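Engineer: Before we start, here is the structure in question, set down as C-alpha cells.
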Amino acid sequence: MKFSLFAHMERLSEAQSHSRIYEEFLGLCTLADEGGMRAIWTGEHHGMEFTIAPNPFITITDVARHTKQVKLGTGTIIAPFWHPVRLAGEAAMTDLVTGGRLELGIARGAYTYEYERMMPGLDAWEAGQRMRETAPLLRQLWQGDCTHDGEFYKFPATTSAPKPLQDGGPPVWIAARDPSSHEFAVHNGFNVQVTPLWQGYDEIASLMERFNEACNGYSGPKPKIMLLHHTYVAEDDNDVQVGARELSRFYNYFGAWFQNKRPVTCGHIEPISEKDMLDNKMMSVENMHRDLTIGTAAEVIDQIKRYEDLGYDEYSFWLDNGMSFERKRDSLRRFIDDVMPAF
C-alpha cells in the first residue's frame, strides 16, 4: 500500500488572505514530501473559494520547487475544459520542468456550477464523452504526429511540443465510478482513481469489484487503483468527535455546491444554517464517523488495512475538510508518524 496526499486551498471567509492560504498549502505539501508519501494530488476547479485550483499545472510546478522526491499529480484535470493538443503540451511541459515527476489524473468534472460557467450547455454525459475522446489521444501526441477526426475535436497532423521527460509520458489516471468508466480506463491501460465520498465501506468494496471486473476482460498489464478518502487522524476519542463534526459541516457545503441551488457571491456559497445542517441526516456526524476514515491512529490503521485487503494499491489522504491549518497539519503528521509505519 502506497500513500499520497490530496489537497487544495480552501478559503472559508473574506478575512483569510489567498497568500496566507497558499503558504499553508505549501507547508502541508512539504510535510507530505518529507514524510515519505508517494505523491501529492491537486485538482482543477473554477470560481469557487470552497476549492481553489484554477490550473493544477501551475500549482504543481511551484510545489516541485518546494519538494524533493514526491510525485506530483493532477487530481484531476477536467478534460472537457481542455483541447487535447493543449492538454498534451501543457502536461509535457509540466513533466519537463518538474524533472519527470508528473502524474496526470483526468476526469469529466462533477460540478454543474462549473459547467455553466466554463462550457454553457455541457452536461455530465457529454463531458464524459469528451474525456473519453481526449485521454487516448495524449499518448499519441506525446509520441509523435497525430491526426484526429472525432466527434468533438478535429485537427491535422500535430505533436506535443515539448515532449514529456518520462518515457512514454506521465502515468495517466482516470477518475472512475460506474462500470463503463472502469472498463474504459483499464482497457486503455490507464490507472484508476476512485472515491466513495461519504458512502462508506460498502461503496469502497463495490468500486473495487467494478475495477476487478474490468480487469478480468483485459489482457495487458494490470493498472493500479487508488482510493481517495476523507481522513482525519485524531489525537484522542474526544478529538474523533470534533473531527466528525467538522467533516459533517464540510459535506453539507460540498452537497450544496454539487446541487447548485444556493446563491453564490464572490465565490462563496450562501451560508447554511446550523438547523439545516442538523436536519441533513445523510451528512450527520454519526454517518461521517461511520463512513469516513476517522479515528485515532490505531482505528485508522484498522480501517486502511481493510482497504488494503480489498486490493487497493494506493490510499490518498483527502485533506480538504474546512478545518484550520493547524488541525490539518496535526492530523497529517499523526498519519505520517503513527499510521504509515504500520504498512
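Engineer: If Ser219 satisfies all but one of (1) more than 12 Å from Ile174 (Cα to Cα); (2) at pLDDT 95 or above, what's the number of the condition it fails?
Structural biologist: If we test Ser219 against (1) more than 12 Å from Ile174 (Cα to Cα); (2) at pLDDT 95 or above, just (2) comes out false.
Engineer: When you look at His46, is it under 16 Å from Ile77 (Cβ atoms) and surrounded by fewer than 22 Cβ atoms within 10 Å (Cβ to Cβ), yes or no?
Structural biologist: So His46 fits the description; yes.
Engineer: Any residue at all in region 231-240 that is closer than 24 Å to Arg139 by Cβ and surrounded by fewer than 23 Cβ atoms within 10 Å (Cβ to Cβ)?
Structural biologist: no
Engineer: Okay, next question. So for region 219-227 (the condition being under 21 Å from Asn280 (Cβ atoms), surrounded by fewer than 16 Cβ atoms within 10 Å (Cβ to Cβ) and of a type in the set (Gly, Ala, Ser)), does at least one residue qualify?
Structural biologist: no
Engineer: Do you know which residues across region 42-52 are part of a strand (DSSP E or B) and either free of Cβ contacts under 8 Å to residues at least 12 places away in the same chain or in contact with a Ser or Thr (Cβ under 6 Å, 6 or more places away or on another chain) (or both)?
Structural biologist: Of everything in region 42-52, those that are part of a strand (DSSP E or B) and either free of Cβ contacts under 8 Å to residues at least 12 places away in the same chain or in contact with a Ser or Thr (Cβ under 6 Å, 6 or more places away or on another chain) (or both) turn out to be Thr42, His45.
Engineer: Within region 73-89, take every residue that is over 17 Å from Ala175 (Cβ atoms) and touching a Ser or Thr at 6+ places or on another chain (Cβ under 9 Å) and give me the one that is surrounded by the most Cβ atoms within 10 Å (Cβ to Cβ).
Structural biologist: Among those residues, the one meeting the criterion is Ala88.
Engineer: If I filter region 114-150 down to residues being hydroxyl-bearing (Ser, Thr, Tyr) and buried (at least 21 other Cβ atoms within 10 Å of the Cβ), which single residue comes out as nearest to Ile225 (Cα to Cα)?
Structural biologist: Thr134
Engineer: Give just the number: which of (1) in contact (Cβ under 8 Å) with a residue 40 or more places away in the chain; (2) buried (at least 19 other Cβ atoms within 10 Å of the Cβ); (3) aliphatic (A, V, I, L, M) does Ile269 not satisfy?
Structural biologist: (2)
Engineer: Also: Do you know which residues across region 1-10 are over 15 Å from Arg327 (Cα atoms) and either of a type in the set (D, E, K, R) or surrounded by fewer than 20 Cβ atoms within 10 Å (Cβ to Cβ) (or both)?
Structural biologist: Selection gives Met1, Lys2.
Engineer: Here is a follow-up. Looking only at region 178-196, which residues are out of contact with any Lys or Arg (no Cβ under 6 Å at 6 or more places or on another chain) and surrounded by fewer than 18 Cβ atoms within 10 Å (Cβ to Cβ)?
Structural biologist: Asp178, Ser180, His187, Asn188, Gly189 - these are the residues of region 178-196 that are out of contact with any Lys or Arg (no Cβ under 6 Å at 6 or more places or on another chain) and surrounded by fewer than 18 Cβ atoms within 10 Å (Cβ to Cβ).
Engineer: Next up: From (1) buried (at least 16 other Cβ atoms within 10 Å of the Cβ); (2) not in a helix (DSSP H, G or I), pick out the condition that doesn't hold for Ala15.
Structural biologist: (1) is the only condition that Ala15 fails.
Engineer: With the requirement that a residue be modelled with pLDDT of 95 or more and among the small types (Gly, Ala, Ser), what does region 94-123 give you?
Structural biologist: Residues satisfying the conditions are Gly99, Gly100, Gly105, Ala107, Gly109, Gly121.
Engineer: Here's something else I'd like to know. When you go through Asn260, Asn280 one by one, which is the residue that is among the polar types (S, T, N, Q) and in contact with a Phe, Trp or Tyr (Cβ under 8 Å, 6 or more places away or on another chain)?
Structural biologist: Testing whether each residue is among the polar types (S, T, N, Q) and in contact with a Phe, Trp or Tyr (Cβ under 8 Å, 6 or more places away or on another chain) leaves just Asn260.
Engineer: Select from region 241-251 the residues that are surrounded by 21 or more Cβ atoms within 10 Å (Cβ to Cβ) and either of a type outside the set (A, V, I, L, M, F, W, C) or free of Cβ contacts under 8 Å to residues at least 60 places away in the same chain (or both) and list them in ascending order.
Structural biologist: Answer for region 241-251, where residues must be surrounded by 21 or more Cβ atoms within 10 Å (Cβ to Cβ) and either of a type outside the set (A, V, I, L, M, F, W, C) or free of Cβ contacts under 8 Å to residues at least 60 places away in the same chain (or both): Gly243, Ala244, Ser248, Tyr251.
The values are calculated or read from the model by the stated rules, or taken from the named source; none is laboratory data. Values in this document were obtained by computation on a predicted structure and should not be read as measured data. All Cβ positions, even for glycine, are placed from backbone atoms using ideal geometry, and neighbour counts span all protein chains on display.
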